[in-house]
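Before any comments, here is the structure.
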């Protein structure tokens with residue numbers, strides 16, 4: 001359909017977002033047209049700012065406004081432990097939890113040869129360099145998702161680090177708190193049995 | 001969860017869009033962070049432009065870059081017929097069809113007392129003023145959606161206009177081309193029977 005140019009451009013932009021096709025993009029564009037001027041201005045501003053003001057921390061790769069990030073530059077954090085995660089969102093989840101006081105390392109992805117993601121495409125090299133520099137690190141916790149890609153990335157990193165004599169651990173796998181055994185998949189159950197703890 | 005401020009602002013902005021909750025907004029915000037710089041800049045620009053460059057045509061209420069719009073200022077269009085529609089998108093649908101050569105009037109909504117939308121909230125007054133000024137208008141086609149709100153808005157407008165001796169018509173209701181009688185609802189079937197035409 002022939003839309004006025006500004007609308008057509010906005011539809012194109014919305015369509016670049018994941019899970020938004022032409023129909024939804026069109027609906028959103030026309031909705032934007034009816035939104036209060038100020039909301040749209042703020043939207044445009046926050047889009048620009050998120051790219052301008054946020055960068056990857058040069059040490060851990062987490063997104064941050066200052067460099068190094070608040071966690072890396074905090075001397076109160078336990079400098080002997082590094083938790084390796086896939087995404088900045090994972091850091092926020094662990095910080096929300098509040099029990100972890102060590103450092104992080106954000107990979108920004110996992111190894112996935114099918115999608116052309118090799119060790120060079122994610123922050124593995126910077127982790128190794130970091131471990132060579134910061135020789136006080138005693139433990140690396142691999143907190144990657146329980147997906148095939150997450151597991152194989154964990155194996156890959158573990159093989160690289162272990163020879164240096166650093167302890168490598170991964171998160172416990174088992175039943176989620178509040179979940180039903182009935183609905184758990186068999187691999188989860190297997191892990192839960194393998195990792196059983198005494199009461 | 002505690003996000004860096006620019007991300008939190010962007011999540012808030014995404015959440016103002018229809019059908020986008022906090023989870024999706026967060027996913028979109030982090031996706032935006034990984035998008036190419038240029039795409040994000042274009043997105044921000046198109047948001048600003050859609051509000052700056054598009055206005056309602058002072059005659060018909062359609063969205064347009066110039067005022068009056070291309071349709072209203074085109075002397076080739078049939079000045080005796082006005083088609084009343086709900087949204088700018090409807091104008092585009094009829095223009096796409098290509099068979100209609102008259103003018104339009106965009107209401108920007110329908111009467112909906114439940115949502116607090118009365119005759120003052122939509123472009124009904126400007127339609128009446130327009131009909132008083134442009135006395136060459138012979139027919140008003142009410143091309144509103146077949147929803148209860150659309151039907152009652154059509155009835156309301158028709159009652160206002162008819163006393164002036166202007167012909168008021170509405171779109172034919174019936175079976176959609178290519179549709180199955182089996183799946184048509186009974187009101188559609190009733191309309192299709194009432195409006196049957198001879199072969």
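Brief remarks follow.
- Remark: relative contact order (the stretch A:73-170) = 31 percent; criterion is Cα-Cα distance under 8 angstrom and separation of 6 or more residues.
- Note on the stretch B:5-53: Cα-Cα pairs beyond 15 Å make up 51% of the total pair count.
- Copies compared at residue B:160 - label distances in nm, ascending, label defined 7 Å from Cα in the Cβ direction: 6.9
- Between this copy and the others, label points of residue A:173 are 5.9 nm apart in ascending order, each placed 7 angstrom from Cα in the Cβ direction.
- Neighbour-count ranking [beta-carbon atoms within 10 angstrom, fewest first] of B:55, B:108, A:9: B:55, B:108, A:9
- Here the simple spin-label model places points 7 Å from the Cα toward Cβ, and for residue B:120 and residue B:134 these points are separated by 2.7 nm.
- For chain B, the longest principal axis of the alpha carbon atoms and the long axis of helix B:37-53 meet at an angle near 40°.
- Ranked list, fewest to most other Cβ atoms within 10 Å of each Cβ, for A:129, B:26: A:129, B:26
- Chain B has one residue whose beta-carbon comes closest to the axis relating it to chain A; that residue and its distance in whole Å are B:44, 2.
- Expected 222 nm ellipticity per residue - DSSP helices of 4 or more, -39500 (n - 2.57), all of chain A, to 500: -13000 deg cm²/dmol
- Whole-Å distance, taken between Cα centres, linking the stretch B:87-127 and the stretch A:38-77: 44 Å
- Just checking the listed ones, B:59, B:187, B:122: in the Gaussian network model of chain B with Cα springs under 10 Å, the one fluctuating most is B:187.
- Copy-to-copy label distances for residue A:128, where each label lies 7 Å from Cα along Cα-to-Cβ, are 7.9 nm in order of increasing length.
- Among B:51, A:138, sorting on how many other beta-carbon atoms sit within 10 Å of each Cβ, with the fewest leading, yields A:138, B:51.
- In chain B, Cα pairs under 8 Å separated by at least six residues give a relative contact order of 13 percent.
- Paramagnetic reach from residue A:70 in the stretch A:34-63 [backbone N under 13 Å; point 7 Å along Cα→Cβ]: A:63
- Highest-fluctuation residue, B:189, B:54, B:131 considered, GNM on chain B with Cα pairs under 10 Å: B:189
- Cβ-Cβ distance of residue B:198 and residue B:171, R₀ of 25 Å, FRET efficiency by 1/(1 + (r/R0)^6): the value works out to about 0.80.
Each value in this text was obtained by applying a stated rule to the coordinates, not by laboratory testing. Quick caveat: nothing in here was measured; it's all calculated off a predicted structure. Heads up, the Cβs are rebuilt from the backbone with ideal geometry, glycines too, and the neighbour counts pull from every protein chain shown.
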